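*Asks:* This is the structure I have questions about; it appears just below.
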Amino acid sequence: MNIENMLAVIIAGILTGAVTGIVIGYFAVQLAFKQFTEQRASDRQLEWYEKTIRALGNFSRLTLEMEIAAKYRPLNAAWEKGAAELHQCLDEATQYADQESYWQLLKTVAKCQELKEKSDREGTIEKWPIVGVLFAALMKFSRPIREKLGFKEIEKK
């Protein structure tokens, strides 16, 4: 082999290596970015579920406290704050919730509002229907989180 052929082979090898490295690097960056965005979306969805479950639990406890305290009017502002947290979770549901969770939360918020309006007309809050609706929603919302974290489903005994 003469020197010109050896030089051509070396240059071809360098160019092939450089092009291959660039192509592989490009696809590696694309894959890493895709995995990063998927993980970030999953983390945000998990945070939303946790926030929604906390809001449902707080709202449920507040409803019970209102009945126990028998002071409906002073707690009305706190109850409205709890309802506002649920509405915020509902607003964010379009980004993070699956279809079933979205409809469950929408029905839960609507049912709580309906029961609140009924309670306002009657002058007393009916805690058990609201707590029942909230508890059912809590159980349904915990299911996807427990699956993602690898926990068993909570069963009624």
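*Asks:* Check whether at least one residue in the stretch 53-68 is at pLDDT 80 or above, part of a helix (DSSP H, G or I) and of a type in the set (Asp, Glu), and report yes or no.
*Replies:* Checked the stretch 53-68: no residue is at pLDDT 80 or above, part of a helix (DSSP H, G or I) and of a type in the set (Asp, Glu).
*Asks:* Given the structure, is residue 115 at pLDDT 80 or above, hydrophobic (A, V, I, L, M, F, W, C) and in contact with a helix residue (DSSP H, G or I) (Cβ under 7 Å, 6 or more places away or on another chain)? So that I can check it myself, show each step before the final result.
*Replies:* Details: at pLDDT 80 or above: no; hydrophobic (A, V, I, L, M, F, W, C): yes; in contact with a helix residue (DSSP H, G or I) (Cβ under 7 Å, 6 or more places away or on another chain): yes.
In short, no.
*Asks:* I would also like to ask the following. From the list 46, 31, exactly one residue is touching a Leu at 6+ places or on another chain (Cβ under 9 Å) and among the aliphatic types (A, V, I, L, M). Which is it?
*Replies:* Values: 31 fails: touching a Leu at 6+ places or on another chain (Cβ under 9 Å).
Just a single option satisfies the conditions, and that option is 46.
*Asks:* Which count do you get for residues in the stretch 21-38 that are of a type in the set (S, T, N, Q) and either under 30 Å from residue 83 (Cα atoms) or at pLDDT 90 or above (or both)? Don't jump to the end; show me each part of the working.
*Replies:* Filtering the stretch 21-38 for residues of a type in the set (S, T, N, Q) gives 30, 35, 37.
Going one step further and asking which of them are either under 30 Å from residue 83 (Cα atoms) or at pLDDT 90 or above (or both), we end up with 30, 35.
So the answer is 2.
*Asks:* Select from the stretch 80-104 the residues that are in contact (Cβ under 8 Å) with a residue 40 or more places away in the chain, assigned to a helix (DSSP H, G or I) and open to solvent by less than 70 Å² (accessible area, probe 1.4 Å) and write down the one among them that is farthest from residue 51 (Cα to Cα). Talk me through it step by step, then tell me what you get.
*Replies:* Going through the stretch 80-104, the residues in contact (Cβ under 8 Å) with a residue 40 or more places away in the chain turn out to be 89, 92-93, 95-98, 100-101.
Keeping just the survivors that are assigned to a helix (DSSP H, G or I) gives 89, 92-93, 95-96, 100-101.
Cutting the leftovers down to open to solvent by less than 70 Å² (accessible area, probe 1.4 Å) gives us 89, 92-93, 96, 101.
Working: 89: 8, 92: 10, 93: 11, 96: 11, 101: 13 Å.
Here the residue is 101.
*Asks:* Ok, one more. All but one of (1) at pLDDT below 75; (2) outside any helix (DSSP H, G or I) hold for residue 130; which doesn't?
*Replies:* Every condition holds for residue 130 apart from (2).
The values are calculated or read from the model by the stated rules, or taken from the named source; none is laboratory data. On a predicted model such as this, the values are computed, not experimentally measured, just so you know. All Cβ positions, glycine included, derive from the backbone under ideal geometry; neighbour counts span all protein chains shown. Just so you know, the surface numbers come from the protein's heavy atoms only, side chains and all, with ligands and any DNA or RNA stripped out. Shrake-Rupley method; radii C 1.70, N 1.55, O 1.52, S 1.80 Å.
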